[in-house]
Amino acid sequence: MEGKAAMISRILEDAEKKASEMRAAAEAEQATRISAAQKWAEELLTSSRKALADEADATVERRETVARLDGRKKVLGAKRELIDEVFARALEKAQNFPKARYAEIVSRLLEENAEEGDTVVLSRFAPLSQSETEALPVFRARKLRFGGADGAFAGGLFLSNETCDKDLSFEALIAADRVSLESDVVEILFSDGRKTE
């Protein structure tokens, strides 16, 4: 029986040795996997932090860009309002010219634009009467007709004949010159004193 016991003992020893080797291999595999998982987690954490920092930087940059664009839009809007105000004041000033200046402008507009026999309609805001308008030398020279002083426009006059009408209201004249005058207005209003070439 001793031989049997020795054999059983040897089998048990071999089994224990094998189990011990398997346990050691499993523990080594476990340690390797834990180390690899920790390394992966650290790399993921590092890359996630970098991605998060990059996204935060990109978000800040986008918001700064949007804020700059919004600021520029507001500045441009304010400038546009100021330019519009300048032209509105020019129209208001033209509407309130003294009678002599108003007559001079009406006379010049007639000389430059009236054709023989045209009908002249003045703005209802015109400080000139029918007789004062008809007394203008150009009125008689071109045989113009007075069509009234009841025009619903902001100063100036309208000319009409059988073939066409001409809007020579102050509003139309200012609007026509606005494109060419706007750059000068911008230069006057917003120049910082430096000459631009």
**Prompt:** Counting pairs of alpha carbon atoms under 8 Å apart in space and at least six apart in sequence, what relative contact order in percent does the range 97-191 give?
**Reply:** 27 percent
**Asked** If you build the Cα gyration tensor of the range 97-191 and take the root of 5 times each eigenvalue, what three semi-axes come out, in whole angstrom, biggest first?
**Response** 27, 15, 12
**Prompt:** Of ALA172, VAL138, PHE190, which is farthest along the charge dipole of the range 97-191 in the positive direction, counting Lys and Arg as +1 and Asp and Glu as -1 at C-beta?
**Reply:** VAL138
**Message:** Restricted to Cα positions, what overall size does the range 16-66 have along the principal axes? Three whole-Å values, descending.
**Reply:** 72, 8, 5
**Asked** Put +1 on the Cβ of every Lys and Arg and -1 on every Asp and Glu Cβ in the range 49-125; which of PHE125, ALA90, ALA58 then has its Cα farthest towards the positive end of the dipole?
**Response** ALA58
**Complete:** Length gained, ALA37-ALA58, 0.36 nm per residue minus C-alpha separation, equals 4.5 nm
**Complete:** Answer check: the chain, Cα atoms, Kirkwood Rh, Rg/Rh ratio of 1.83
**Request:** Between GLU115 and LYS93, take the C-beta separation as r, use R0 = 35 Å, and let me know the FRET efficiency to the nearest 0.05.
**Result:** 0.75
**Fill in**
Given unit charges at Cβ for Lys, Arg (+) and Asp, Glu (-), the dipole magnitude of the range 97-191 about its Cα centre in debye, nearest 20, is 380 debye
**Request:** State to the nearest 20 debye the size of the charge dipole of the chain about its Cα centre, where the only charges are +1 on K and R beta carbons and -1 on D and E beta carbons.
**Result:** 400 debye
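Bear in mind that the values in this text are calculations on the coordinates, not laboratory data. Since this is a predicted model, take the numbers as computed values, not measurements. Glycine gets a Cβ as well: all are built from the backbone with ideal geometry, and neighbour counts include every protein chain shown.
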